[in-house]
Amino acid sequence: MTVMEPRHRMGLRHLSRMTDDRGILEHAEFEHPRFEHGYCTDDNARLLVVAARDNAENPDSALLARIAARFLIDAQRRDGSIHNRMSFERMWIDAPSTDDCWGRALWGFGTAVTRSSDAELRTSCYDAFGIGVQTRSDSLRSMCFALLGAAEIVKMDSSHEGAVSLLTDGVAMFAFHPNGHGDWMWPEPRLTYANALIPEAMLAVGEALDHVGLINRGVQLLHWLIREESLGDHLSVTPVGGRGPGDLKPGFDQQPIEIAAIADAAARASLVTGDDYWEEVVDLAVNWFLGNNDVGLVMMNTETGGGYDGLRPSSVNLNQGAESTLAMISTMQHRSSMWLV
């Protein structure tokens, strides 16, 4: 499949606009950050992943990674739980938890340990992962994010007790969530958000523990998901309200986080299996941002470097918040020719 070419290569322009010395701000009005909405750990974890993946020793990426890592470390409590929301006045405004913010933080820490060229950052993130892995989450997706981080840690330290223990718990968790039956293979009654994360975590755990059965299950489930999230020659992903058996496609609003999750999962499946099909799926994800979607509209602003917040039935939400921009850049990182400042 041929990837559509954007008019300009994408870079860090909008991320730098959205980030101050404390962290990346959550929301934007068009390209302008909305300071009154403050910061969240979820987005700063995503920022750490994206910045650490830019392994070209880019000084802008290095700075963003340090800012994001500091935010996550400051959010972390001694028991491993983590705050998610901070006001622009730099006060935590929620109770620490093991919700998605916990899992995403461990994902960010693990990614930084294996991907960053900053030795000091790698050390601080390794230590922070060790604190975070003391606890567990009741949330399937939070655990899946954490498992991605653990899989990264064992690449560098195969004897890391906390990471190995978490990966082992992941095997038991997936056994507790069996696949569905008949035409609905998904292990939940409905698709909700970041759906491809679940088979990606299966692949990551399976590869880390040499668990062939879990790798096969992850591949099978990801194949099913791509069929479910496609319409004709393009991706038609689960809308914000979710999608269940028999729901009609397309559904709206569609959010970039769904596409980024598919791109990440497909890229991992390509590495784990060597099957060229998964590179075609990555191209589908890239092309969704470039206009090959249910509405035929481009989902990024090549002038600002931002990603649009949602695809509507006949239009685009032109706000360029942190989550959407990071999802767009994360997807484009799988095609390095599009990921240059």
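The values are calculated or read from the model by the stated rules, or taken from the named source; none is laboratory data. Quick caveat, the model's predicted, so the values are computed rather than measured. Glycine gets a Cβ as well: all are built from the backbone with ideal geometry, and neighbour counts include every protein chain shown. Please note that ligands, DNA and RNA were not included when accessible areas were found on the heavy atoms of the full protein model with its side chains. Shrake-Rupley method; radii C 1.70, N 1.55, O 1.52, S 1.80 Å.
Using the Karplus equation 6.51 cos²θ - 1.76 cosθ + 1.60 (θ = phi - 60°), what ³J(HN,Hα) coupling, rounded to whole Hz, does each residue of the range 226-235 give in order, writing x for Gly and Pro?
Taking θ as phi minus 60°, the curve returns 5, 5, 5, 9, 10, 9, x, 9, 9, 6 Hz for the range 226-235.
Take peptides 64-74, 286-296 and line them up by average Cβ neighbours within 10 Å, highest first, as a rough protection proxy.
Values: 64-74: 22.7, 286-296: 19.9.
Most protected by this proxy first, the peptides run 64-74, 286-296.
If you find the alpha carbon centre of the range 149-195 and of the range 276-339, how far apart are they in angstrom?
Here the answer is 27 Å between Cα centres.
Please sort by residue number the GluC sites (Glu not before Pro) in the range 51-149 whose DSSP state is loop and whose Cβ has at most 12 other Cβ atoms within 10 Å.
Those satisfying the criteria are E57, E89.
So for the pair E120, D60, with labels modelled 7 Å out along Cα→Cβ, what separation do we get in nm?
2.2 nm
When Lys and Arg each count +1 and Asp and Glu each count -1, what net charge do the other residues less than 14 Å away from S330, Cβ to Cβ, add up to?
-1
Peptides 94-103, 181-190, 320-329: what's the order by average Cβ count within 10 Å, highest mean first?
In descending order of packing, they fall as 320-329, 94-103, 181-190.
If you put +1 on each Lys and Arg Cβ and -1 on each Asp and Glu Cβ, how big is the dipole of the chain around its Cα centre, in Debye rounded to 20?
Approximately 240 debye in magnitude.
Would you indicate which of [x] 33; [y] 13; [z] 24 is the value of percent of Cα pairs over 36 Å apart derived from the coordinates of this structure?
Computed from the coordinates, percent of Cα pairs over 36 Å apart corresponds to [y].
When the chain is fully extended, how far beyond the present Cα-Cα distance does D183 get from T302, taking 0.36 nm per residue of separation? Mind dumping the intermediate values first?
Numbers: separation 119, 0.36 × 119 = 42.84 nm, distance 3.97 nm.
Extra length from D183 to T302 when fully extended: 38.9 nm.
Could you put W278, W92, W107 in order of accessible surface area, largest first, with the 1.4 Å probe and the full protein assembly present?
W92, W107, W278
If you take the beta carbon distance between F30 and V240 as r and set R0 to 25 Å, what does 1/(1 + (r/R0)^6) give as a FRET efficiency, to the nearest 0.05?
Details: r = 20 Å, r/R0 = 0.82.
The computed FRET efficiency comes out at 0.75.
Hey, if you put +1 on the Cβ of every Lys and Arg and -1 on every Asp and Glu Cβ in the range 113-245, which of A196, G182, A172 ends up farthest toward the positive end of that dipole?
Of the candidates, G182 comes out farthest on the positive side.
Assuming a ≥ b ≥ c are the square roots of the Cα gyration tensor eigenvalues, decide whether the range 91-137 counts as rounded (a/c under 1.5), prolate (otherwise, with a/b larger than b/c) or oblate. Walk me through the numbers on the way to the answer.
On the way: a/c = 2.32, a/b = 1.84, b/c = 1.26.
Prolate.
Pick out, from A62, S97, H83, the residue whose Cα sits farthest towards the positive end of the charge dipole of the range 58-107, with +1 on the Cβ of Lys and Arg and -1 on the Cβ of Asp and Glu.
Farthest towards the positive end: A62.
Per residue, how large is the accessible surface of the chain? Use a 1.4 angstrom probe and give square angstrom.
Numbers: 13670 Å² over 341 residues.
Per-residue accessible area for the chain comes out at 40 Å².
When the chain is fully extended, how far beyond the present Cα-Cα distance does M91 get from V295, taking 0.36 nm per residue of separation?
69.4 nm
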